[in-house]
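Novice: Quick one: the structure is below, and I'll ask about it shortly.
The values are calculated or read from the model by the stated rules, or taken from the named source; none is laboratory data. These figures come from a predicted structure and were not determined experimentally. Every residue, glycine among them, receives a Cβ derived from its backbone with ideal geometry; neighbour counts consider all protein chains shown.
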Amino acid sequence: MNPSQAQAPAVKPPGLDCALSPQQLATIAPNILDAGKAFAAEKPRIARLLADACVLRGTFTLRSGRTSKYYVDKYLFSTRPDVLRELGPVFALRAAAVAARAGRPLVRLAGAELGGIPLVTVASLASGLPCIFVRNARKDYGTSKQLEGTINRGDAVVFIEDVATTGGQALEAVGVLRAAGAEVLGVVATIDRQEGARENVERAGLIFDALFTKSDLGIHE
C-alpha cells in the first residue's frame, strides 16, 4: 500500500475513554470536542463535587437486591444546578462519540424517570438534540403513553442514565424505545458502579460508556 493511502491511526480525544478514527472524529462538532478538553482538565474536581454531593455510607439495599456499604444517591446530584451545568456538555460529547462509533447520525437522546430526566434535559440543551422521557409504566390517563416526546421509526437514540449498577433499569427503558421503533445505539451513564452494567449492556448489542466510575469518586470496596 502506498504510504499516502495508509489509514490514519485512531486517536483518543480529551474527555473520551475510547479512540476514534479521523472519519469518526469528523462527525463530531468542534464545540462538542472542545467540551471534552475542558472536562479532561476538570474531571478530578467534578468527581469530588459529585462524591461530596451524593456518596452515602452505611448499609443499603440496591435495586438489584444486593446489599452495599455505600449508596450513590442520584437525586443529590441531579437536582443541583452546579453539577448539571458541568455534566451537560460531557453528555453531549459522549453521546456524539457513541453515534460516531456506531456509524449513525444521532437524532435524539432519551432518559428515564425520575433521576434521568434532568440529566437528559441538560444533555439536550448542550447538544441541541431533542429528547425523549421514558416513563416507568404507561400512564392510565390522557394519551396513555409511556414515551413522552416525539420519536419516529428508525431514529438513532442514545440513552442517558444516572447510576448504572447491573444496567437493568437502562435495558428496560431501551426495550420500550426499541418497541416504539427507535434504534438505540448505546447507554451513557453518569456513574458506573462497576457491578456488571457494562457487560450486560454490551451483551444486549449496545455501546456502554460512563463519565465516572466508583473509583473516580474515591469508592474502593
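Residue-wise test of (1) without any contact (Cβ under 8 Å) to a residue 40 or more places away in the chain; (2) among the acidic types (Asp, Glu); (3) at positive phi.
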position	(1), (2), (3)
22	yes, no, no
27	no, no, no
31	yes, no, no
38	no, no, no
42	no, yes, no
47	no, no, no
67	yes, no, no
71	yes, no, no
77	no, no, no
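Novice: Still on this structure, please answer the following. I'd like to verify a number: residues in region 49-61 that are assigned to a strand (DSSP E or B) and touching a residue at least 40 places away in the same chain (Cβ under 8 Å), how many?
Specialist: Step one: of region 49-61, the residues assigned to a strand (DSSP E or B) are 55-61.
Next cut, touching a residue at least 40 places away in the same chain (Cβ under 8 Å) only: 55.
Matching residues across region 49-61 total 1.
Novice: Next up: From 109, 93, grab the single residue that is in contact with a Ser or Thr (Cβ under 8 Å, 6 or more places away or on another chain), more than 18 Å from residue 166 (Cβ to Cβ) and not in a loop (DSSP other than H, G, I, E, B). First the steps, then the outcome.
Specialist: Working: 93 fails: in contact with a Ser or Thr (Cβ under 8 Å, 6 or more places away or on another chain).
Answer to the check: 109.
Novice: Given the residues 172, 113, 199, 195, which is the only one that is of a type in the set (D, E, K, R), surrounded by fewer than 19 Cβ atoms within 10 Å (Cβ to Cβ) and in contact with a Lys or Arg (Cβ under 7 Å, 6 or more places away or on another chain)?
Specialist: On the way: 172 fails: in contact with a Lys or Arg (Cβ under 7 Å, 6 or more places away or on another chain); 199 fails: in contact with a Lys or Arg (Cβ under 7 Å, 6 or more places away or on another chain); 195 fails: in contact with a Lys or Arg (Cβ under 7 Å, 6 or more places away or on another chain).
Being of a type in the set (D, E, K, R), surrounded by fewer than 19 Cβ atoms within 10 Å (Cβ to Cβ) and in contact with a Lys or Arg (Cβ under 7 Å, 6 or more places away or on another chain) holds for just one of 172, 113, 199, 195, which is 113.
Novice: Restrict the check to region 129-147 and report whether at least one residue is touching a residue at least 40 places away in the same chain (Cβ under 8 Å), farther than 18 Å from residue 117 by Cα and out of contact with any Phe, Trp or Tyr (no Cβ under 9 Å at 6 or more places or on another chain). Walk me through how you get there before you give the answer.
Specialist: At the first step, the residues of region 129-147 found to be touching a residue at least 40 places away in the same chain (Cβ under 8 Å) are 132, 134.
Remaining after also requiring farther than 18 Å from residue 117 by Cα: none.
There is no residue in region 129-147 that is touching a residue at least 40 places away in the same chain (Cβ under 8 Å), farther than 18 Å from residue 117 by Cα and out of contact with any Phe, Trp or Tyr (no Cβ under 9 Å at 6 or more places or on another chain).
Novice: So, of the residues in region 169-212 that are out of contact with any strand residue (DSSP E or B) (no Cβ under 8 Å at 6 or more places or on another chain) and at positive phi, which turns out to be modelled with the lowest pLDDT?
Specialist: Filtering first and then ranking leaves 196.
Novice: Could you say which residue among 32, 46, 28 is hydrophobic (A, V, I, L, M, F, W, C) and not in a helix (DSSP H, G or I)? So that I can check it myself, show each step before the final result.
Specialist: Working: 32 fails: not in a helix (DSSP H, G or I); 46 fails: not in a helix (DSSP H, G or I).
The conditions single out 28.
Novice: Let me ask another. Quick one: which of 12, 74, 69 is at pLDDT below 95 and closer than 27 Å to residue 130 by Cβ? It would help to see each step written out before you state the result.
Specialist: On the way: 12 fails: closer than 27 Å to residue 130 by Cβ; 69 fails: closer than 27 Å to residue 130 by Cβ.
Exactly one of 12, 74, 69 is at pLDDT below 95 and closer than 27 Å to residue 130 by Cβ, namely 74.
Novice: Six or more apart or on different chains, Cβ atoms under 8 Å: show the pairs whose first residue is in region 166-189 and among the polar types (S, T, N, Q) and whose second is crowded, with 21+ Cβ neighbours inside 10 Å.
Specialist: So the pair list comes out as 166/197; 169/112; 169/161.
Novice: Only one of 9, 14 is in contact with a helix residue (DSSP H, G or I) (Cβ under 8 Å, 6 or more places away or on another chain), part of a loop (DSSP other than H, G, I, E, B) and surrounded by fewer than 18 Cβ atoms within 10 Å (Cβ to Cβ). Can you tell me which? Give the derivation first.
Specialist: On the way: 9 fails: in contact with a helix residue (DSSP H, G or I) (Cβ under 8 Å, 6 or more places away or on another chain).
Result: 14 is the single residue among 9, 14 that is in contact with a helix residue (DSSP H, G or I) (Cβ under 8 Å, 6 or more places away or on another chain), part of a loop (DSSP other than H, G, I, E, B) and surrounded by fewer than 18 Cβ atoms within 10 Å (Cβ to Cβ).
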